[in-house]
1. Could you order the peptides 74-80, 52-58 from most to least packed, using the average number of other C-beta atoms within 10 Å per residue?
2. Cross-link list LYS70/LYS133; LYS71/LYS116; LYS61/LYS133; LYS116/LYS147; LYS33/LYS108; LYS50/LYS71: which exceed 18 angstrom alpha carbon to alpha carbon?
3. According to a simple spin-label model (label point 7 Å from Cα along Cα-to-Cβ), what is the distance in nm between ASP145 and GLN48?
4. Can you tell me which aspartates and glutamates have their Cα less than 16 Å from the Cα of LYS109? Leave out same-chain residues fewer than eight positions away.
5. Evaluate the distance, in nm, between pseudo-label points positioned 7 Å from the Cα of SER152 and of PHE129 along their respective Cα→Cβ axes.
6. As an exercise, identify the GluC sites (Glu not before Pro) in region 48-146 lying in DSSP coil whose Cβ has no more than 12 other Cβ atoms within 10 Å.
Amino acid sequence: MKHKCLLIILLFPLFISASCIFGSSGRQIQDYKSEGFLNDNVFQMILQIKPDDSAKGLVQKRENAQEKAKKRLLGYSVDYMILYIINRDSKKARINDPKTIPNYRELKKLFRKTLKTYVKNGYIAQEYFREDKSLIVSYRIYGGDLKADLESLTMNMGNMIQKKIEAKHEQK
C-alpha cells in the first residue's frame, strides 16, 4: 500500500507537467521559432534587432541591441501585428515593410491604442544573439480570445481600424 501511494505521489507531478507542455489547444508552448498564433490565446512574433553601427566590440553591440529591444518592443510589436492583419488575406499582395503603407503613422497610432492592452500582457519568451551580433527575441502576447479579437479587426481603404461586426451594422 505504501508503495502505491509513493508511486502516485511521484507520478502526479509528471502528468501535470506533461499536460502543460503538450496542451491540447494549438501548437506547443515550448515552440520558440514559429510566428503567429500558438493557440487561440497566444500570439508569438520573432523579432530581429540589429545593434547600431556606432557600437564597437561584442559586449557593446549586444548591450546596444538589448537596449533597443527594451525601448522599441511596443513599436516593433505593433508593426508586426499590422503586417499580420494586412497579410492574413492571401488574395492581396504581401507587404513586408509596414512603412510602405499610406498614412502609416496614423495607422500605427490607431493600432497602438487598439492593441495596447494585449501588447502589455506580452513577455519575452526567449532571446539569443546571432553571429552578426543581432538580438533575436521570441515575444509572446497573451489575451483571452486574442485570435478572435485580432480576426475581428479590419481596415478600410482610409486605413481606419474597425471591428468587422461594427462595419456590418453600419452598412445596414
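The numbers here are math on the coordinates, done by the rules we state, and not lab data. Everything numeric here is computed off the predicted structure, so don't read it as measured data. Neighbour counts are summed over all protein chains in view; Cβ atoms, including those assigned to glycine, are modelled from backbone coordinates with ideal geometry.
1. On the way: 74-80: 18.4, 52-58: 10.7.
Result, highest mean first: 74-80, 52-58.
2. Checking Cα-Cα distances, LYS33/LYS108 exceed 18 Å.
3. The two pseudo-label positions are separated by 3.7 nm.
4. Correct list for LYS109: ASP79.
5. 4.4
6. Listed in order of number, the matching sites are GLU131.
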